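> I have a structure here, written as structure tokens, and I will follow up with some questions on it.
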Ligand code: NAI
């Protein structure tokens with residue numbers, strides 16, 4: 001029995017994500033919350049002949065509390081998306097407060113739920129959720145995740161494209177580490193399950209790295225003011241949610257990159273900091289999942305000099321983004 005909750009369920013990501021969760025037999029209850037339209041989205045989804053019982057709430061009459069009661073996994077795509085010319089950090093002013101409010105609800109009503117943060121800027125919103133949970137005395141570093149799966153999905157798709165074989169796309173895996181914006185997105189192309197040709201170096205390599213780091217901009221530009229990635233994000237968010245649920249159900253060997261807190265007692269966090277060469281509090285790394293959440297934060301392993309340079313370039317921005325999130329919660333206390 002798994003109750004999944006989507007906060008921001010009526011939005012561009014929220015609706016298709018809720019559809020994918022409703023379509024899965026892994027979910028037996030689906031709680032939808034938004035400040036608009038959730039009863040309609042819930043009524044619509046509730047006619048689909050799959051096991052999950054669907055309910056949708058708005059803020060009045062303790063809607064957030066009702067949605068979160070009994071939640072096992074909470075996915076947060078609430079907040080404003082980018083328009084052309086905006087970076088993810090430009091969203092901070094609005095989304096920080098939204099995420100803080102929702103995190104307070106989760107910390108109060110469902111403190112043991114797995115929390116999957118999609119709202120941008122992920123590098124700052126995850127620290128906000130963690131600080132709120134700390135304030136409520138319910139923080140468990142194993143259960144709070146920044147969703148960076150879309151970077152992995154993009155990297156895998158672009159590599160399959162270069163290999164000239166789209167049929168391979170579902171099997172290609174490229175670990176993407178660091179954070180989730182611009183230069184903090186670090187694809188480890190040398191560890192691709194399907195290696196790139198040996199002459200894929202120089203400008204070609206740089207162009208692919210750039211495309212993975214700024215792939216979101218392609219969508220923002222093409223949507224021309226109507227938002228950012230929603231459908232590919234819903235796909236990626238659902239993929240990650242299913243991994244968390246399968247691990248909760250006891251399936252072994254599930255590993256996925258995610259932006260997590262590198263707490264000293266979470267196995268692997270300290271070793272990873274040494275590998276990165278910086279005392280960062282958060283990093284996106286391949287994480288092994290189990291019934292209680294993070295089992296182990298895996299090391300980066302063997303990486304090339306070019307990848308080392310990308311990590312060095314990511315650290316200053318990442319560190320700044322993390323501090324921005326932490327400082328926001330301190331200020332609003
Ligand atoms: P959207 O504007 O279409 O939907 C956002 C939804 O959040 C709206 O329905 C809105 O009513 C709702 N909302 C606003 N305040 C709320 C509150 N206090 N409580 C509950 N719901 C609230 O935006 P979209 O395209 O769905 O994007 C959502 C977020 O996801 C953005 O911050 C975007 O930057 C981020 N995103 C993250 C990605 C990732 O890889 N992690 C990729 C793409 C987008």
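Values in this text are rule-based calculations from the coordinates and carry no lab data. Worth saying up front: this structure is predicted, and the values here are computed from it rather than measured. Note that we place each Cβ from the backbone using ideal geometry, even for glycine, and neighbour counts take in every protein chain shown.
> I want to verify the translational diffusion coefficient of the chain in µm²/s; compute it with Stokes-Einstein, Rh as the Kirkwood radius over Cα pairs, at 10 °C and 1.306 mPa s.
Answer, rounded: 80 µm²/s.
> Continuing with the same structure: Two-decimal Rg/Rh of the range 180-333 from alpha-carbon positions, Kirkwood Rh?
A ratio of 0.98.
> Considering only DSSP beta bridges whose two residues both sit in the chain, what percent are antiparallel, to the nearest 5?
Just about 45 percent of them are antiparallel.
> Taking 2.2 N^0.38 Å as the expected size of a compact globular protein, what ratio does the Cα radius of gyration of the range 114-268 give against it, to two decimals?
It is 1.11.
> Can I ask one more? When the chain is modelled as a GNM with alpha-carbon springs shorter than 10 Å, which of 127, 187, 60 fluctuates the most?
Top of the fluctuation ranking is 60.
> Further question: At a 10 angstrom cut-off on C-beta neighbours, averaged per residue, how do the peptides 5-14, 248-257 rank from highest to lowest?
5-14, 248-257
> Assign one of three labels to the range 3-147, namely rounded, prolate or oblate, based on the Cα gyration tensor with a ≥ b ≥ c the square roots of its eigenvalues; rounded applies when a/c is under 1.5, prolate when it is not and a/b is larger than b/c, and oblate otherwise.
oblate
> Using every pair of alpha-carbon atoms in the range 217-291, split the distances into 10 Å bins beginning at 0 and state the percent of pairs per bin, rounded to integers.
Over the range 217-291, the share of Cα pairs per 10 Å bin runs 17, 33, 29, 19, 2 percent.
> Please report, in whole Å, how far the alpha carbons of the range 177-269 spread along each principal axis, starting with the longest.
Principal extents (Cα only, largest first): 42, 38, 26 Å.
> If you line up the long axis of helix 231-248 against the longest principal axis of the chain, both from Cα atoms, how many degrees apart are they, to the nearest 10?
Helix 231-248 sits at roughly 80 degrees to that axis.
> Given a Förster radius of 45 Å and the C-beta distance between residue 313 and residue 61 as r, what FRET efficiency does 1/(1 + (r/R0)^6) yield to the nearest 0.05?
My answer for the efficiency is 0.40.
> Would you compute the Debye intensity of the range 67-166 from its alpha-carbon atoms alone, equal scatterers and no solvent, and pass along log10 I(q)/I(0) at q = 0.19, 0.22 Å⁻¹ to two decimals?
These q points yield log10 I(q)/I(0) values of -0.88, -1.06.
> Compute the helix-to-body angle for 149-162: its Cα long axis versus the longest principal axis of the chain, expressed 0 to 90° and rounded to tens.
In the chain, helix 149-162 runs at an angle near 40 degrees to the longest axis.
> Using only Cα atoms, tell me the angle between helix 92-109 and the longest principal axis of the chain; keep it within 0 to 90° and round to the nearest 10.
Between helix and principal axis, roughly 60 degrees.
> Rank 290, 215, 202 by mean-square fluctuation in a GNM of the chain with C-alpha springs under 10 angstrom and give only the top-ranked residue.
Judging by the Gaussian network model, the answer is 202.
> Between the range 96-146 and the range 11-42, what's the alpha-carbon centroid distance in Å?
20 Å
> Highest GNM mean-square fluctuation, the chain, Cα pairs closer than 10 Å: which of 259, 114, 242?
Maximum fluctuation in the GNM of the chain, among the listed residues, is at 242.
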